[in-house]
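Read the structure below first, then the notes.
The values are calculated or read from the model by the stated rules, or taken from the named source; none is laboratory data. It should be emphasised that the depicted structure is a prediction, and the values quoted were computed from it without experimental measurement. FYI the Cβ positions are ideal-geometry reconstructions off the backbone, even for glycines, and counts take in every protein chain you see. Heads up: the accessible areas ignore ligands, DNA and RNA and are worked out on the full protein's heavy atoms, side chains in. Shrake-Rupley method; radii C 1.70, N 1.55, O 1.52, S 1.80 Å.
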Amino acid sequence: MPGYAPRGVHGQTVEALAHRVLSGTLREGATLDLGALRSELGVSLTALRESLKVLAAKGMVDARQKRGTFIRPRTDWNLLDADVLRWQFQSATAAASHTGPPLLRDLDEVRGIVEPAAVRLAAERRTDADLAALERALEAMCEAADGAPEAVEADLAFHRALLAASHNELLERMEMVISTVRAARDRLVHAPGHHPLDPVPSHRAVLDAVRARDAQAAEAAMRALLAQAAKDVALLREREA
């Protein structure tokens with residue numbers, strides 16, 4: 001489901017409800033008291049119901065006759081939805097150290113499965129247009145100041161272009177899942193006061209191997225890049241310990 005615009009009363013209400021569900025304040029199976037929620041959030045019943053429709057579309061709530069509106073089991077939630085991923089990360093970071101959410105571990109594992117295989121295909125199938133997109137992203141990465149939003153976007157653009165270069169539609173769609181959490185991860189790692197390893201050389205190594213159509217070297221370079229990414233998070237955890 002496409003993301004919604006988290007602005008205005010509607011967006012604020014959706015965000016507030018989502019975080020209560022993710023934090024466990026509104027527990028799985030709990031039936032919601034809409035009147036109490038309406039008063040607590042200071043919104044109309046219509047606005048509350050419209051906001052609950054957003055969560056219902058993401059599998060988080062449901063409504064039944066005689067039971068009312070209730071929180072569905074986590075197994076029913078669309079955990080790959082970009083908004084749900086973002087809410088999970090935000091709720092976890094609000095509750096504990098922001099480098100501790102299992103979501104970061106899950107991201108590392110998914111990337112370790114998907115990206116080395118995808119980059120092999122990219123090395124075999126890439127076009128000149130794919131190379132141009134990768135080069136633009138790498139150039140933007142070189143020019144962006146560490147910690148700047150542009151640095152995060154350049155990194156996302158590079159990996160987005162890599163998956164696109166695989167010319168596999170399902171792998172391309174994986175970027176929609178990965179990018180939400182990776183963007184949050186990048187903002188943490190590159191925040192002011194933190195000094196991760198320079199990401200440009202590892203990304204350039206991947207690009208060089210893809211340009212050379214060397215699938216084996218591309219996979220090895222990607223695995224080295226992912227290992228460096230894991231070290232960056234580990235360093236951040238050490239500084240916060």
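When residue 70 is tested against (1) farther than 27 Å from residue 233 by Cβ; (2) of a type outside the set (Val, Ile, Thr); (3) part of a helix (DSSP H, G or I), just one condition goes unmet, and that condition is (3). Just give me the residues in the stretch 22-40 being touching a helix residue (DSSP H, G or I) at 6+ places or on another chain (Cβ under 7 Å), aliphatic (A, V, I, L, M) and surrounded by 17 or more Cβ atoms within 10 Å (Cβ to Cβ), in sequence order. Once the filter is applied, which keeps residues that are touching a helix residue (DSSP H, G or I) at 6+ places or on another chain (Cβ under 7 Å), aliphatic (A, V, I, L, M) and surrounded by 17 or more Cβ atoms within 10 Å (Cβ to Cβ), the stretch 22-40 yields 22, 26, 37.
Filtered by the rule that a residue be of a type in the set (Gly, Ala, Ser) and open to solvent by 10 Å² or more (accessible area, probe 1.4 Å), the stretch 162-182 gives 164, 179. The helices (runs of 4 or more DSSP H) found entirely in the stretch 146-241 that carry 2 or more residues being at pLDDT 95 or above are 149-165, 200-211, 215-240. Counting the residues of the stretch 126-145 that are modelled with pLDDT of 95 or more and exposed (fewer than 15 other Cβ atoms within 10 Å of the Cβ) gives 6. Tallying residues that are of a type in the set (Asp, Glu), more than 15 Å from residue 30 (Cα to Cα) and open to solvent by 60 Å² or more (accessible area, probe 1.4 Å) within the stretch 69-87 yields 0.
Among the listed residues 43, 54, identify the single one that is without any contact (Cβ under 8 Å) to a residue 60 or more places away in the chain, open to solvent by less than 60 Å² (accessible area, probe 1.4 Å), over 23 Å from residue 102 (Cβ atoms) and assigned to a loop (DSSP other than H, G, I, E, B). Answer to the check: 43. Listed by first and then second residue, the pairs with beta-carbon distance under 6 Å, at least 6 apart or on different chains, first residue in the stretch 63-83 and farther than 29 Å from residue 176 by Cβ, second outside any helix (DSSP H, G or I) and among the β-branched types (Val, Ile, Thr), are 68/31.
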